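Here's the structure, in structure tokens; my notes come after.
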Amino acid sequence: MTRWFRHYTGMMRDEKLVAVAVKSKQSVERVLWVWSAILESASEISDSGRFDLDAAEAAYFLRTDESDICSIVDALSSAGRIASGVVVKWSDRQYESDKSANRQARYRERKRQETAGIGENVTLSDVTVTSRDGLVTPPDTDTDTDTDTERSKKKESADAFAFVGKVIRLKHADYDRWKTSYPNITDLKAELTLADDYYSQNAPKDGKWFFQVSQWLKKANQQALDKKGDMKFADKHGNLPGDPYYGVDY
């Protein structure tokens with residue numbers, strides 16, 4: 001999996017994407033979001049442009065119907081941008097020179113040549129390399145890769161998540177949004193724990209739990225709201241009509 005991919009120049013003004021918007025009867029902004037999500041997926045999978053787009057999850061993020069996402073995907077296929085789950089001409093836009101493995105190989109070759117004595121008065125150091133003309137040049141330490149590693153560690157740290165379960169790992173922004181969207185759930189973390197326990201035994205398809213958990217919380221929120229409505233008719237002991245002790249003074 002790679003952490004970066006090339007965003008090609010002109011994508012935001014791509015006339016073919018405008019044509020996709022017209023054909024699918026969706027906004028250009030929505031088409032750009034879906035196309036970017038497809039490119040990001042292809043970068044993550046790193047298998048010659050193969051991608052995996054969850055239409056239901058995309059519909060949730062864009063606050064639209066799943067059929068709208070499917071219409072965009074179909075239009076992208078008709079436009080020749082994707083085919084059979086693969087981004088067309090992916091390798092033409094993503095170059096081998098972008099990969100850290102190649103940078104590391106070039107760095108190792110330079111170090112091998114330096115060790116073999118190519119060039120006069122070459123001093124090897126973990127920090128600098130001094131050549132015969134006295135110039136100090138920092139070695140290629142693959143800064144991009146180091147930065148990616150540090151960023152990955154930060155991302156995976158417990159502080160980056162508001163809730164961490166066996167399956168569910170929820171970022172603070174999503175947690176706060178769900179807390180606002182489902183205000184009738186008095187203990188959101190307790191409800192997330194119930195959902196996490198369930199999905200740890202009943203794994204979601206392809207491991208994509210976000211949309212399923214959102215629906216879980218939506219149902220729990222409605223149940224809590226209904227219960228609040230029912231409690232208006234409860235007696236002083238909290239018994240509801242139909243309970244055997246309803247209205248009994250004890």
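Every read-out reported here was derived from the displayed coordinates using simple, explicitly stated rules and does not represent laboratory data. Not measured: the values here are computed from a predicted model. Every residue, glycine as well, gets a Cβ built from its backbone with ideal geometry; the counts of neighbours run over all protein chains shown.
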Worksheet item: Among the residues of the stretch 176-195, which ones are in contact (Cβ under 8 Å) with a residue 24 or more places away in the chain, surrounded by 10 or more Cβ atoms within 10 Å (Cβ to Cβ), of a type outside the set (A, V, I, L, M) and over 24 Å from A55 (Cβ atoms)?
Response: P183, N184, K189, E191, T193
Worksheet item: In the stretch 30-70, what residues are surrounded by fewer than 18 Cβ atoms within 10 Å (Cβ to Cβ), touching a residue at least 40 places away in the same chain (Cβ under 8 Å), assigned to a helix (DSSP H, G or I) and among the hydroxyl-bearing types (S, T, Y)?
Response: Y60
Worksheet item: Among the residues of the stretch 2-29, which ones are part of a loop (DSSP other than H, G, I, E, B), basic (K, R) and surrounded by 14 or more Cβ atoms within 10 Å (Cβ to Cβ)?
Response: R3
